[in-house]
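What follows is one structure encoded as structure tokens, with my remarks underneath.
Each reported figure results from applying straightforward, stated rules to the coordinates on display, with no laboratory input. Remember, it's a predicted structure, so these values are computed and weren't measured experimentally. Ideal geometry is used to build each Cβ from the backbone, glycine not excepted, and the neighbour counts take in all protein chains shown.
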Ligand SMILES: *Cc1c(COP(=O)(O)O)cnc(C)c1O
């Protein structure tokens, strides 16, 4: 074979790819590591799947996912030209980074936050400004966030944040949107589990993008569907940068069925929130320190603040949670809210470790 030589761009050689949460094949596993919904998707989605006419697949799908975007617009009280659909909200993030980051256009993100953002920045050779959250204040934003973010072209606020699960006062987000000279991207992957959201800010500010995903509250992580809502001019720009046929025909149909069944969404979210309270109480009983969660997971530090040890012990007992090494995050586990039975298994195993 010809001797290997790298023709990759140097940033590609240097970068670490995104590391997704593991999807192990173990039987009997209690899987609480990637914030999936413990309940199935809406029956309307399963019905749409059954009635899908497979012979239609010879055709290209609607490149603009018109019918789906109309449904998204209706549900969120915006016009269709303020919506773009994506192959998961990761696809929305990819378009956004293509649009607003470059070697001379930095991105500001919170720390800790969703670990995909720095990977997308590396692809664009864009600098990342990390704004440390205040651990001693339940991971609140620092007072000087605007000063820290000032050199960036785009500021990403994950609300509720991951992996910490807390939210930030909406009044602060509004002030940031008004004062930041750049795009404010609000990643609302977990907003359905929270007390409020920032969707209405898209009517007030032409520099705000709000993104949502079907992966958590709509129980469709396997489908790959997310969307963004923003001022029509921003959406027009993102449309130039998306893959031409980023939404396949089946996803468009199933996603629309999911989005239109708001009643099922509210019921499922209600159940997850009730289970979240129970799980929080159980962890507190074991001496865990909890960050108040507005998401479908809980960021919690075991009594000995040894996240790695708790993670390994759980794994040995076929319970998988997420552990993020690091000086701050390493003290915690990020635990997805599961079914009552799954949560009980988790608490029983942890009970053995911290009795
Ligand atoms: C899960 C998650 C996403 C990605 O969602 P997909 O639609 O599955 O790509 C985006 N942002 C945050 C903060 C998430 O936790």
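Take every DSSP beta bridge whose two residues both sit in the range 43-261; close to 40 percent of them are antiparallel. For the chain, a Gaussian network of Cα nodes joined below 10 Å ranks 59, 159, 174 by mean-square fluctuation, and the top entry is 59. Judged by the ratio a/c of the largest to the smallest principal axis of the C-alpha gyration tensor, the range 43-261 counts as prolate, that ratio being 1.5 or greater while a/b is larger than b/c. Here the extension length gained between residue 284 and residue 11 equals 93.9 nm, from 0.36 nm per residue of separation less the Cα-Cα distance.
Cα gyration tensor of the range 153-246, axes a ≥ b ≥ c as square roots of the eigenvalues: rounded (a/c below 1.5), prolate (a/b > b/c) or oblate? Numbers along the way, then the final one.
Values: a/c = 2.04, a/b = 1.05, b/c = 1.94.
Judged from the Cα gyration tensor, the range 153-246 comes out oblate (a/c at least 1.5, b/c at or above a/b).
Every helix of 4 or more DSSP H residues in the chain counts as -39500 (n - 2.57), and over all residues that averages to -11000 deg cm²/dmol at 222 nm.
Can you sort 100, 313, 180 by how many other beta carbons sit within 10 Å, fewest first?
Numbers: 100 24, 313 17, 180 21.
Placing the least packed residue first, the sequence is 313, 180, 100.
If you take the Cα centroid of the range 1-38 and the Cα centroid of the range 73-127, the two points sit 20 Å apart.
What does the C-alpha gyration tensor say about the overall shape of the range 192-268? Classify as rounded when a/c is under 1.5, otherwise prolate if a/b is larger than b/c, or oblate. Can you show the working numbers first?
On the way: a/c = 2.46, a/b = 1.15, b/c = 2.15.
Here the range 192-268 falls in the oblate category.
Give me 69, 198 ranked fewest to most by other Cβ atoms within 10 Å of their Cβ, as a rough exposure proxy. Show your work: numbers first, answer last.
Working: 69 25, 198 22.
Ascending number of Cβ neighbours within 10 Å: 198, 69.
By other beta-carbon atoms within 10 Å, ranking 187, 136 with the fewest at the front produces 136, 187. When the Gaussian network model of the chain links Cα atoms closer than 10 Å, the mean-square fluctuations of 75, 337, 208 top out at 75.
Could you tell me the relative contact order of the range 236-323? Use alpha-carbon pairs under 8 Å, at least six residues apart, and round to a whole percent.
On the way: 41 pairs, mean separation 12.2, N = 88.
Relative CO of the range 236-323 lands at 14 percent.
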